[in-house]
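Following: one structure in structure tokens, then a few remarks.
A short reminder: the numbers here are calculations on the coordinates, not readings from a lab. Quick caveat: nothing in here was measured; it's all calculated off a predicted structure. Every residue, glycine among them, receives a Cβ derived from its backbone with ideal geometry; neighbour counts consider all protein chains shown.
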Amino acid sequence: MKVLVVGAGPSGLAALKEMREAGFDATAVDVRSSIGGVFAADSGVTFDGLHLTISSVFMAFSDFPPPDVDQGAKFWTQHEYYDYLCGYAEHFELWPHIELGTRVDAAHYDHERGRWEVRSTHEDEQRSRWFDKLIVASGASHTPLVPETLRRFEGQLLHSSDYHSEEQVRGKRVLVVGMGEGGADVASSAARTAESVTVWGRRFPDCAPRFIEKFMHDPAYDECEHLGEHHKPSGLLECITISRAVRTLPLGVWSAGLHGLTKDMAARHGPDSMQGVARAMVERAWSADYWSSDTSMVPTKSGVTLTAAARHQLDVVIAPDATVDGGRVRFHDAQIFGRGGDGAAAEPTEVATHDAQFDVIVACTGFGLDFEWITASHAQLTTNPRTWFKHCFPPNFGDCLAFVGFARPHSGGIPACAEMVSRYVAQLYLGNRELPEHYPALARAEGAAEEACFNLTPNYTMLVDYMAYMMSVAKLVGCTPRVRPTSLAKPSDFVKDWTFPLWPCFFRTRGVGANPAAAEAVLSRFGPYDALAPMPLLAIEIAAGFVMPVVNATSLVADTLAPRLTRRALPRLYRWRLSKKHFLYRNSLTLDDLARVPAQWAAASMVLWRVIKRGVAATLGRAGRSTQVASTPRPEPARVASARPAEGTGEGEVPRIRAS
């Protein structure tokens with residue numbers, strides 16, 4: 001069987017590796033001169049100083065651990081991730097099967113022959129070849145999208161793919177349009193050299209800090225200071241978003257905890273802190289769906305814009321609409337954060353209109369998909385990933401056409417989802433699995449559930465829930481993770497399986513394609529309690545760890561006995577009667593899920609015991625210090641007087657701490 005993979009970025013490399021490993025004659029082509037997709041040196045869509053938004057352990061493939069994992073998890077730069085991808089291609093001997101500098105001009109499926117005719121161009125040489133299967137891994141960064149409103153701007157108009165260095169905007173007045181991760185990075189970069197920077201978003205963003213421990217405790221929180229460091233899992237955002245412990249919580253309980261956490265951080269650090277600005281933003285962003293909070297929209301896994309706003313290094317304008325007149329932009333019904341350094345950063349200035357003059361606009365407004373080069377003799381391709389089964393198989397093509405890399409997880413990385421679905425594709429091609437008979441209908445139902453879940457950003461059709469999606473595809477592959485065999489000898493490993501982020505390596509612990517050594521190479525580098533969530537979220541997780549299996553089982557019975565009463569696009573009352581991982585992709589409880597319950601209870605018990613021991617030790621420690629202080633005799637008055645410095649010297653004064 002001959003398989004063509006279009007694209008040699010992270011998703012294409014994963015697909016190529018899985019096809020080659022399954023024994024197929026697979027080739028990958030890419031229009032660029034190097035592998036890596038947008039992370040390649042010649043991609044033309046990144047900029048100096050770029051860091052990934054999730055950790056190296058999350059971006060790594062399941063059977064190829066990060067080379068520096070023994071030091072902990074970190075946020076790779078573009079160049080570090082590119083080097084990792086090159087090492088992946090070398091390790092799995094992919095280089096001989098990659099054709100670079102090759103553009104696919106057309107791919108036509110002939111139903112009578114059951115094969116693809118693919119026309120491509122390499123170094124001005126055109127050729128036509130036949131393939132049995134086509135895997136599209138070209139990524140979502142196809143055609144830069146720039147709103148028509150911005151095209152009226154008479155200054156310099158750039159798309160984010162045209163922004164490569166802060167030197168491009170030195171000394172200029174800059175407007176950054178968009179508050180996603182690209183917009184956050186561009187704004188933070190531009191603020192270093194520009195005369196002024198304003199960030200415009202149509203709606204309030206859901207910004208999440210990458211370093212949760214430092215976000216909680218550091219009043220001068222700045223992500224840029226920690227991006228090059230290695231971290232324990234407990235220091236990372238993913239420990240409170242993608243662990244089994246947190247995903248055991250019902251969505252409503254999780255949202256209540258998130259509201260409480262952000263509110264407490266704002267109160268602790270004040271309205272001029274990054275935490276204060278973050279709370280002001282997310283409180284308004286989540287207000288439209290309070291009990292779903294950040295799960296209702298696309299999150300921005302970066303806090304760099306909020307730090308800059310708190311320090312009055314840039315302005316953030318939230319306005320539903322704006323008009324452009326020459327070099328001037330007028331924002332309507334605007335709320336402005338950090339404006340001019342006046343007032344607290346978290347207390348916006350509300351104005352009916354706000355006018356500002358700019359020299360440069362950087363449109364961080366995303367990309368459009370382009371699949372016009374794919375045709376078929378008697379089928380039409382749908383371009384909405386929510387109509388594709390598992391965001392991979394469009395209707396009317398069966399398994400002869402697969403899209404890999406078009407599932408963008410709410411939290412987590414695209415490469416992990418691309419690798420998982422590539423493993424499923426390989427099993428289909430081997431004949432070990434079959435597509436469900438009514439897979440187009442299943443895809444529509446799952447797509448409707450996604451749209452209902454992510455209801456505040458319904459048009460972002462690539463968005464999936466990481467854990468629910470990965471588990472649903474893993475069930476199709478036959479590689480759902482379970483407590484590792486070593487747990488019988490080391491009970492503390494139950495805690496790792498329950499509290500650690502569901503990194504890709506967990507999906508190599510057993511089943512089809514198992515590689516326990518690769519999983520151990522990552523998991524053995526961390527202690528069993530290195531991923532515990534902060535209080536009080538941890539206490540809520542422990543309680544849910546004991547209670548939710550019973551609640552989930554009861555819900556399963558209700559769904560079985562009265563499906564019409566309990567299920568719409570999403571199950572009725574899903575925010576309260578189901579764990580977060582069970583209400584999407586029809587991830588109902590299975591026997592495999594029930595088999596995990598004893599391990600979950602054991603893990604919750606061990607974590608509870610650890611919390612109790614540490615609490616008792618801390619209480620005894622405080623009591624001991626209090627006793628020591630009480631028993632210490634007071635110094636004689638004369639001795640105090642003799643030790644006092646001369647008036648006006650300042651020596652021995654208690655230093656005063658002033659918030660900056």
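Kindly provide log₁₀ I(q)/I(0) values, in the same order as q = 0.22 Å⁻¹, from the Debye equation applied to equal alpha-carbon scatterers of segment 1-73. Debye intensities relative to I(0), on a log10 scale: -1.06.
Bridges between two residues of the chain, per DSSP, are antiparallel at a rate of about 50%.
Quote to one decimal, in nm, the extra length available between Val547 and Arg152 on full extension: 0.36 nm per residue of separation minus the C-alpha distance between them. Mind showing how you got there, number by number?
Details: separation 395, 0.36 × 395 = 142.20 nm, distance 5.74 nm.
Between Val547 and Arg152, full extension yields an extra 136.5 nm.
So if we plug the beta-carbon distance of Ala617 and Arg482 into 1/(1 + (r/R0)^6) with R0 = 41 Å, what FRET efficiency do we get, rounded to 0.05?
Numbers: r = 33 Å, r/R0 = 0.81.
My answer for the efficiency is 0.80.
Size of the chain from its Cα atoms: along the principal axes, largest to smallest, the extents are 104, 68, 52 Å. Once both labels are positioned 7 Å from their Cα atoms along Cα-to-Cβ, the gap between Arg328 and Glu347 label points is 3.0 nm.
Taking Cα atoms, how many degrees apart are the long axis of helix 274-286 and the longest axis of the chain, rounded to 10 and kept between 0 and 90? Once rounded, the angle reads 50 degrees. Mean sequence separation of contacting Cα pairs (under 8 Å, at least six apart), scaled by the length of segment 145-363, corresponds to a relative contact order of 29 percent.
Using the Cβ-Cβ distance between Arg586 and Leu608 with R0 = 41 Å, the FRET efficiency computed as 1/(1 + (r/R0)^6) comes to roughly 0.80.
Length gained on full extension, Glu93 to Ala140: 14.3 nm, using 0.36 nm per residue less the C-alpha separation.
Rounded to the nearest 20 debye, the dipole magnitude of segment 145-363 is 320 debye, with +1 charges on Lys and Arg beta carbons, -1 on Asp and Glu beta carbons, and the Cα centre as origin.
Taking square-rooted eigenvalues a ≥ b ≥ c of the alpha carbon gyration tensor, is segment 343-442 rounded, prolate or oblate, where a/c under 1.5 means rounded and, failing that, a/b exceeding b/c means prolate? Prolate shape, in that a/c is at least 1.5 and a/b is the bigger ratio. PRE reach from Arg113 (point 7 Å along Cα→Cβ): which of segment 25-41 fall under 20 Å by backbone N? Inside the label zone: 25-29. Helices in the chain, meaning DSSP H runs of at least 4 residues, each add -39500 (n - 2.57). Divided by all residues, the mean residue ellipticity at 222 nm is -11000 deg cm²/dmol. Roughly what angle does helix 466-477 make with the longest principal axis of the chain, taking Cα atoms, 0 to 90 degrees, to the nearest 10? Value to nearest ten degrees: 40. Given segment 119-189, report the % of alpha carbon pairs whose separation exceeds 18 Å. Summing the P(r) tail past 18 Å for segment 119-189 gives 59 percent.
Once the mean 1/r over all distinct Cα pairs of segment 145-363 is inverted, what Kirkwood radius in angstroms do you read off?
Details: mean 1/r = 0.0561 Å⁻¹.
Result for segment 145-363 stands at 17.8 Å.
Is the C-alpha gyration tensor of segment 214-302 telling us rounded, prolate or oblate? Criteria: a/c under 1.5 is rounded; beyond that, a/b larger than b/c is prolate, otherwise oblate.
Oblate is the answer for segment 214-302, as a/c is 1.5 or above yet b/c matches or exceeds a/b.
Once you have a ≥ b ≥ c as the square roots of the Cα gyration tensor eigenvalues for segment 49-103, tell me rounded if a/c is under 1.5, and otherwise prolate or oblate according to whether a/b is larger than b/c. Oblate, because a/c is 1.5 or more while a/b does not exceed b/c. Computing FRET efficiency as 1/(1 + (r/R0)^6) for Trp601 and Asn396, where r is the C-beta to C-beta distance and R0 is 60 Å, gives about 0.80.
When only Cα pairs under 8 Å and 6 or more residues apart are kept, what is the percent relative contact order across the chain? For the chain, the relative contact order is 16 percent. Taking Cα atoms only, the orientation of helix 10-21 departs from the longest principal axis of the chain by about 50 degrees. Can you find, among Val246, Gln600, Ala60, the residue farthest towards the positive end of the dipole of the chain? Put +1 on the C-beta of Lys and Arg, -1 on that of Asp and Glu. Toward the positive end, the furthest listed residue is Gln600. Ranked for footprinting exposure by Cβ neighbours inside 10 Å, fewest first, Trp116, Trp498 give Trp116, Trp498.
For the pairs Lys496/Lys581; Lys214/Lys490; Lys74/Lys301; Lys74/Lys172; Lys496/Lys580, note any where the Cα-Cα span goes beyond 22 Å. Beyond 22 Å between Cα atoms: Lys214/Lys490; Lys74/Lys172.
The Cα trace of segment 256-371 gives Rg and Dmax of 15.7, 50 Å, the first to one decimal, the second as a whole number. Here segment 219-251 and segment 276-301 have alpha carbon centers that stand 17 Å from each other.
Projected onto their three principal axes, the Cα atoms of segment 1-124 cover extents of 54, 32, 22 Å, largest first.
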